[in-house]
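Note sheet for the following structure.
The values are calculated or read from the model by the stated rules, or taken from the named source; none is laboratory data. Predicted, not measured: the structure shown is a model, and the values here were computed from it. All Cβ positions, glycine included, derive from the backbone under ideal geometry; neighbour counts span all protein chains shown.
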Amino acid sequence: MTIDTMTRSERLRAQAEAHSAHNYKPLPVVIAEAEGSWVTDVEGRRYLDMLAAYSAINFGHRHPRLVEAARRQLDKVTLVSRAFDHEHFGPFCAELADLAGMEMVLPMNTGAEAVETAIKVARKWGYEVKGVPADQAVIVAFGGNFHGRTTTIISFSTDEDARGGFGPYTPGFRVVDYGDLDALAAVADELGDRLVAVLVEPVQGEAGVIVPPPGFLAGVRRLCSERGALMIADEIQSGLGRTGTTFACEHENVVPDAYLLGKALGGGIVPVSAMVSSRDILGVLQPGQHGSTFGGNPLACAVGREVIAMLQTGEYQQRSAELGARLHQGLAALPPTVVERVHGRGLWAGIEFTGLTGRQVCERLAARGLLAKDTHGNAIRLAPPLVITGEELDWALGQLRDALAG
């Protein structure tokens with residue numbers, strides 16, 4: 001094949017292959033346009049987006065309210081750094097704190113930055129409030145976790161692809177099996193007052209949309225309260241409507257000490273993340289101890305405020321709950337000879353296959369005009385935009401059935 005005989009998609013993919021680091025292995029689709037639940041590639045073929053950028057596009061591509069909020073702000077000011085305030089910063093923090101039932105917000109950009117923020121805050125809180133001896137604080141996380149790929153975060157990952165070859169690793173973490181309250185209690189007993197926080201995903205997205213056993217989140221909450229440790233809920237993927245409630249912790253009536261938010265908070269337009277907590281916890285930070293030039297910038301706050309306003313109506317949470325039930329009913333009807341297991345909650349699902357890799361299934365689906373993402377060998381994840389219609393969802397389920405039959 002010569003460059004003259006290559007399609008535009010093939011030329012662009014070859015260019016990316018030659019000049020970009022190979023930290024991803026994307027499907028052979030080159031997207032040029034998008035709107036709502038659909039994207040269009042450079043050859044003009046349309047695909048139903050059933051991934052929504054790992055929940056970053058909960059409100060669909062280019063939602064008119066979010067685009068308009070961004071456009072208005074682009075005509076005014078986009079960046080001032082935190083050396084100065086701007087007109088959206090205070091309202092954004094107040095409105096996000098109110099949505100979460102908390103008091104204070106520390107805005108950042110990416111989800112990994114929000115997690116790094118929580119690690120620093122939990123340690124400082126442990127030393128200054130709990131009285132842990134210097135450099136002795138320990139944070140507990142769970143097997144199968146995905147909180148990002150910074151050097152510190154991969155230090156408590158159990159995914160060898162994310163972790164292998166990047167040592168030495170950061171100390172101060174312990175990992176126990178997800179869903180195992182007895183193991184958590186045993187480690188807490190061993191650590192005693194050195195335990196400063198438990199970092200937990202209410203639903204593990206990267207692991208395959210794994211929902212913990214009933215009562216697990218409530219048990220984590222109870223243990224943290226009894227041991228004087230912080231319960232930090234990483235809701236970067238699970239929060240903001242994805243599971244049928246504003247926060248996935250609500251399914252067990254649990255309120256953590258801090259939420260970590262991101263992805264959908266930026267409306268699919270700009271990266272926005274945040275740690276949302278109480279004054280007693282976030283108040284341990286003083287000027288100069290943590291920061292970000294772009295964190296809480298005017299454009300991000302303007303879009304984030306519109307996201308918060310949209311969530312305040314409850315419409316998107318309700319859509320996720322109702323259409324999520326429709327999604328899981330359809331997945332339950334897939335042939336058990338091919339489908340080994342289905343996990344998930346709301347408009348979010350992980351499907352494990354027998355005799356097929358997740359990549360093979362995703363390639364079959366892409367050929368049928370549907371985009372999904374494989375994970376952990378034999379599984380795929382589905383996370384359609386919350387604006388997807390029932391008819392579009394039914395069409396997607398039909399394409400999945402046909403792809404598996406083939």
Going through (1) more than 13 Å from GLY262 (Cβ to Cβ); (2) of a type outside the set (Gly, Ala, Ser); (3) surrounded by fewer than 22 Cβ atoms within 10 Å (Cβ to Cβ) one by one, VAL140 fails only at (3)
Would you mention how many residues in region 116-136 are in contact with a helix residue (DSSP H, G or I) (Cβ under 6 Å, 6 or more places away or on another chain) and in contact (Cβ under 8 Å) with a residue 60 or more places away in the chain?
2
Mind checking whether some residue in region 118-126 is at negative phi, surrounded by fewer than 18 Cβ atoms within 10 Å (Cβ to Cβ) and not in a loop (DSSP other than H, G, I, E, B)?
yes
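Restricting to region 148-173, what's the tally of residues that are on the phi > 0 side of the Ramachandran plot and over 19 Å from the mean Cα position of the chain (by Cα)? Walk me through how you get there before you give the answer.
Filtering region 148-173 down to residues on the phi > 0 side of the Ramachandran plot leaves 148, 165, 172.
Pick out the ones that are also over 19 Å from the mean Cα position of the chain (by Cα) and you get 165, 172.
Selection size over region 148-173: 2.
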If you go through region 19-34 one residue at a time, do you hit one that is surrounded by 15 or more Cβ atoms within 10 Å (Cβ to Cβ), at negative phi and in contact with a Pro (Cβ under 7 Å, 6 or more places away or on another chain)?
no
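Restricting region 304-330 to residues that are more than 22 Å from the chain's Cα centre (by Cα) and touching a residue at least 24 places away in the same chain (Cβ under 8 Å), which is nearest to THR357 (Cα to Cα)?
Once the filter is applied, the top-ranked residue is GLY330.
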Test PRO91 against the stated conditions and say whether it is closer than 30 Å to GLY344 by Cβ and modelled with pLDDT of 95 or more.
no
Given the conditions (1) out of contact with any helix residue (DSSP H, G or I) (no Cβ under 7 Å at 6 or more places or on another chain); (2) part of a loop (DSSP other than H, G, I, E, B), and given that SER238 satisfies all but one, which numbered condition is not satisfied?
(1)
Out of (1) assigned to a helix (DSSP H, G or I); (2) surrounded by fewer than 14 Cβ atoms within 10 Å (Cβ to Cβ); (3) touching a residue at least 12 places away in the same chain (Cβ under 8 Å); (4) of a type outside the set (Val, Ile, Thr), what's the single condition that is false for ALA14?
(3)
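Matching residues to (1) assigned to a helix (DSSP H, G or I); (2) under 18 Å from the mean Cα position of the chain (by Cα); (3) in the same structural domain as HIS376 (by TED's automatic domain parsing):
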{"residue": "ALA32", "(1), (2), (3)": "no, no, yes"}
{"residue": "GLU43", "(1), (2), (3)": "no, no, yes"}
{"residue": "LEU48", "(1), (2), (3)": "no, no, yes"}
{"residue": "GLU68", "(1), (2), (3)": "yes, no, no"}
{"residue": "ASP85", "(1), (2), (3)": "no, no, no"}
{"residue": "GLY90", "(1), (2), (3)": "yes, no, no"}
{"residue": "GLU95", "(1), (2), (3)": "yes, no, no"}
{"residue": "ALA114", "(1), (2), (3)": "yes, yes, no"}
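From SER81, SER9, grab the single residue that is assigned to a loop (DSSP other than H, G, I, E, B), over 25 Å from the mean Cα position of the chain (by Cα) and either polar (S, T, N, Q) or surrounded by 14 or more Cβ atoms within 10 Å (Cβ to Cβ) (or both).
After applying the criteria, what remains is SER81.
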Among GLY296, GLY291, the single one that is surrounded by fewer than 19 Cβ atoms within 10 Å (Cβ to Cβ) and more than 13 Å from the chain's Cα centre (by Cα) is GLY291
Answer yes or no: is there a residue in region 322-336 that is touching an Asp or Glu at 6+ places or on another chain (Cβ under 9 Å), modelled with pLDDT of 95 or more and not assigned by TED's automatic domain parsing to the domain that holds LEU240.
yes
List the number of the failed condition for GLY131; all other conditions in (1) crowded, with 20+ Cβ neighbours inside 10 Å; (2) within 23 Å of GLY228 (Cβ to Cβ) hold.
(1)
Of all the residues that make up region 203-216, how many are not polar (S, T, N, Q) and not in a loop (DSSP other than H, G, I, E, B)?
2
